[in-house]
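The values are calculated or read from the model by the stated rules, or taken from the named source; none is laboratory data. Bear in mind the structure is a predicted one, so any value in this text is a computation, not a measurement. Cβ coordinates were reconstructed from backbone atoms using ideal geometry, including for glycine residues, and neighbour counts include every protein chain displayed.
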């Protein structure tokens, strides 16, 4: 098993290229199941989760070819051979459940294992099931698998989500593109990844309006065609690398970054004393002056502060001047990085969904353990400005969401290496 060793090495300077969005790509890939014609994705990130989704699609009979060093995915589902998404693959990654809606819409039946992924809360499938049942699906849970069928085909309906779930919105949106009649999704999620999915589906011939708002209207069509679509910039990777110079000092330009993707996050950075400037190539980030100031953060669905940047923001606030309060409103059990930061000298108190961070002058390097994807990178960020050496174990989580972390941080002057655990 690998470890990443980070040694505090002063200011960072230079450029970091930002990859295509993991969460967008994992949503776009199952869209190939909706059509017999080829779907090609460009600007794809090179991550283990993408490989897992590739394996899942291939197990269903789809053809998936990676080109240009993995940044182009050429897919075709003209001859699907299975409608069963097996536990051995699905357990590795929660986004695997996104094959349910497309298979149900095109084939009329699907059997999908309950999903796995990071251990950051239950994240149940009830909203997915509720939405698909509203479209006429019959779904039964047996032996850990969802058995879904639509004997008379899916039919348009009004679906109101009790929570603006990204995954449920995506699953029902894809299914509705081939349903008969009109579907209206209310309290739909508004994330950029959903806007990107809707754009791709429109390129395939879907009729969709209102994406990016809380009400999405889909007029079902008989069939979808192929398309070539670029994956949107990863706003979570963008926010993560924007925090590197905020924590370590210096100035870094994140290439491909767009303010609209991270506006609520940038508002908090500004409040903390971090300057973000939009350039013609991306976003340039540096401290305004001196020590970072404490800020309060509450996670919320887009356009609010992203839950996937909460752990990284906590790493910044560990050395801020004053006391910060972070409220996690999206997932339970998402402060597992806090005890690891405490090992580095942070002062953090966690009570339920609230973490109180009392800023200290400096963190100190220590052996720490990654507990999930975003926690792993928060520990690396903390190590950038800590005294001495920080050794992060269980970094396989990192490979699910960040490509070439060591190379990208080395490129701006970080002292970081990946080694085999002794």
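Taking residue 129, is it under 24 Å from residue 307 (Cα atoms) and crowded, with 16+ Cβ neighbours inside 10 Å? Yes: the conditions hold for residue 129. Find the residue count for the stretch 386-402, including only residues that are in a loop (DSSP other than H, G, I, E, B) and surrounded by fewer than 17 Cβ atoms within 10 Å (Cβ to Cβ). Total meeting the criteria: 1.
Name the residues in the stretch 296-317 that are in contact with a strand residue (DSSP E or B) (Cβ under 6 Å, 6 or more places away or on another chain) and assigned to a loop (DSSP other than H, G, I, E, B), would you? Answer for the stretch 296-317, where residues must be in contact with a strand residue (DSSP E or B) (Cβ under 6 Å, 6 or more places away or on another chain) and assigned to a loop (DSSP other than H, G, I, E, B): just 296.
To keep it simple, each residue is scored yes or no on (1) more than 20 Å from residue 7 (Cα to Cα); (2) in contact with a helix residue (DSSP H, G or I) (Cβ under 8 Å, 6 or more places away or on another chain); (3) crowded, with 20+ Cβ neighbours inside 10 Å; (4) not assigned by TED's automatic domain parsing to the domain that holds residue 369.
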residue	(1), (2), (3), (4)
252	no, yes, yes, no
259	yes, yes, no, no
262	yes, yes, yes, no
295	yes, yes, yes, no
323	yes, no, no, no
327	yes, no, no, no
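In this structure, does residue 304 turn out to be over 23 Å from residue 271 (Cα atoms) and touching a residue at least 24 places away in the same chain (Cβ under 8 Å)?
no
Kindly indicate whether any position in the stretch 403-419 is more than 26 Å from residue 323 (Cα to Cα), under 19 Å from the mean Cα position of the chain (by Cα) and part of a loop (DSSP other than H, G, I, E, B). Checking the stretch 403-419: at least one residue is more than 26 Å from residue 323 (Cα to Cα), under 19 Å from the mean Cα position of the chain (by Cα) and part of a loop (DSSP other than H, G, I, E, B). Hey, any hits in the stretch 336-355 for a residue that's touching a residue at least 40 places away in the same chain (Cβ under 8 Å), in contact with a helix residue (DSSP H, G or I) (Cβ under 7 Å, 6 or more places away or on another chain) and farther than 23 Å from residue 245 by Cα? Checked against the condition, which is being touching a residue at least 40 places away in the same chain (Cβ under 8 Å), in contact with a helix residue (DSSP H, G or I) (Cβ under 7 Å, 6 or more places away or on another chain) and farther than 23 Å from residue 245 by Cα, the stretch 336-355 yields at least one hit. Taking residue 119 as the residue in question, decide whether it is at pLDDT 95 or above and under 20 Å from the mean Cα position of the chain (by Cα). In short, no.
Quick check on residue 208: is it touching a residue at least 40 places away in the same chain (Cβ under 8 Å) and either more than 23 Å from residue 172 (Cα to Cα) or in the same structural domain as residue 105 (by TED's automatic domain parsing) (or both)?
So residue 208 fails the test.
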